[in-house]
Amino acid sequence: MTDGSTTPEKERTAAVDLPATLAALDAAFPGNVRLMASCSYTGSDARRLTRLARIAEAGDIPLMATNDVHYHVPERRPLQDVVTCVREKTTLREAGFRLAANAERHLKSPEEMARLFRKYPEALAETMRVMKRINFSLDELQYQYPDEPTGAFASPQEALAHLAEEGARFRYPEGVPDRVHKTLAKELKIIEGRGYAPYFLTVHDIVRYARSQDILCQGRGSAANSVVCYCLASPRSIPATPICSSSVSSRRTATSRRYRRRFRARTP
């Protein structure tokens with residue numbers, strides 16, 4: 001969808017570029033292009049909506065009513081100003097016209113949208129048609145941990161397993177005990193099931209860097225007392241002796257609600 005809601009300084013060039021852009025998009029995505037229009041409350045809305053309606057009609061592209069929403073209620077406009085300053089690398093004092101002129105870019109009621117687009121009822125109807133085609137739900141959103149470099153390994157889980165097994169061999173030079181093997185495999189399975197491997201790799205990198213710079217660091221929480229973390233730890237961080245008995249490691253790697261709650265509280 002193309003947004004016809006241009007800023008004042010771009011409005012002159014938009015009249016020239018927009019038709020060509022719409023034509024190119026319609027050729028590439030036939031039947032799936034809309035020209036979105038919204039009110040900017042800058043005194044030129046009537047003229048601009050008329051121009052957009054003519055461009056849409058000339059290109060046989062549906063005009064669609066929107067509100068260029070940036071926040072849900074007007075009271076959130078100050079936060080949007082801060083976000084704008086972060087993007088523009090400036091301050092509120094120096095931002096000037098880079099900030100929105102008003103707090104109208106919020107969710108509006110159907111009645112208010114009908115009033116704003118009373119001369120263009122088909123634009124509102126097109127908005128409703130597009131909404132019926134969208135099957136997205138906010139319930140689909142979930143946190144996704146940032147990608148962690150894994151080098152030659154196919155996945156973060158594979159990299160973590162390699163580092164843990166390598167560390168286990170260092171911790172137990174005379175041979176890794178069976179119970180440690182079993183506990184390590186159990187913990188790695190839990191980590192894989194929860195998708196925590198990238199987080200463990202991040203912590204591993206942080207600890208490795210801290211040790212290289214003689215910076216004191218110490219793990220906290222249930223995950224820090226796991227066999228995986230013991231095997232991942234820098235050789236200078238802890239003595240090369242077991243830290244987890246079978247009972248402790250079992251308790252620390254339990255997939256109970258209490259364990260998950262503690263772990264989540266310490267993950268980004």
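The values are calculated or read from the model by the stated rules, or taken from the named source; none is laboratory data. Note that the structure is predicted; figures quoted are calculated from it, not measured. Using ideal geometry, Cβ is built from the backbone for each residue, glycine included, and neighbour counts are taken over all protein chains shown.
Considering the conditions (1) more than 16 Å from Leu232 (Cα to Cα); (2) of a type in the set (S, T, N, Q); (3) in contact (Cβ under 8 Å) with a residue 12 or more places away in the chain; (4) assigned to a loop (DSSP other than H, G, I, E, B), Gln142 is excluded by exactly one of them, (3).
Applying a threshold of 6 Å to beta carbon distances and a minimum spacing of six or more residues, or different chains, the list of pairs starting in the stretch 73-87 at a residue that is farther than 12 Å from Asn102 by Cα and ending at one that is surrounded by 11 or more Cβ atoms within 10 Å (Cβ to Cβ) reads Val73/His106; Thr84/Leu99; Cys85/Leu92; Cys85/Ala95.
Considered as a group, the residues in the stretch 99-120 that are of a type in the set (Gly, Ala, Ser) and closer than 14 Å to Tyr41 by Cα include one that is surrounded by the fewest Cβ atoms within 10 Å (Cβ to Cβ), and that residue is Ala101. Checking Val82, Val69 one by one, the residue that is aliphatic (A, V, I, L, M), surrounded by fewer than 16 Cβ atoms within 10 Å (Cβ to Cβ) and part of a helix (DSSP H, G or I) is Val82 and no other.
Of all residues being in contact with an Asp or Glu (Cβ under 8 Å, 6 or more places away or on another chain) and among the hydrophobic types (A, V, I, L, M, F, W, C) in the stretch 85-98, which is surrounded by the most Cβ atoms within 10 Å (Cβ to Cβ)? Just the residue, please. Per the stated criteria, the residue is Ala95. Starting from residues that are in contact (Cβ under 8 Å) with a residue 40 or more places away in the chain and assigned to a helix (DSSP H, G or I), keep the ones in the stretch 148-165 and report whichever is surrounded by the fewest Cβ atoms within 10 Å (Cβ to Cβ). My answer is Glu165.
Hey, can you tell me all the residues within the stretch 1-34 that are at pLDDT below 55 and over 15 Å from Ala58 (Cβ atoms)? The answer is Ser5, Thr6, Thr7, Pro8, Glu9, Lys10, Glu11, Arg12, Thr13. What number of residues within the stretch 47-59 satisfy the criterion of being free of Cβ contacts under 8 Å to residues at least 12 places away in the same chain and closer than 17 Å to Glu122 by Cβ? Counting residues in the stretch 47-59 that are free of Cβ contacts under 8 Å to residues at least 12 places away in the same chain and closer than 17 Å to Glu122 by Cβ gives 3. Against the numbered list (1) modelled with pLDDT of 90 or more; (2) within 29 Å of the chain's Cα centre (by Cα); (3) surrounded by 15 or more Cβ atoms within 10 Å (Cβ to Cβ); (4) not polar (S, T, N, Q), Cys229 comes up short only at (1). Taken over the stretch 121-139, the criterion of being part of a helix (DSSP H, G or I) and surrounded by fewer than 10 Cβ atoms within 10 Å (Cβ to Cβ) is satisfied by Met131, Lys132, Arg133, Leu138, Asp139. Each residue in the stretch 138-183 was checked for being closer than 21 Å to Tyr196 by Cβ and aromatic (Phe, Trp, Tyr), and 3 pass.
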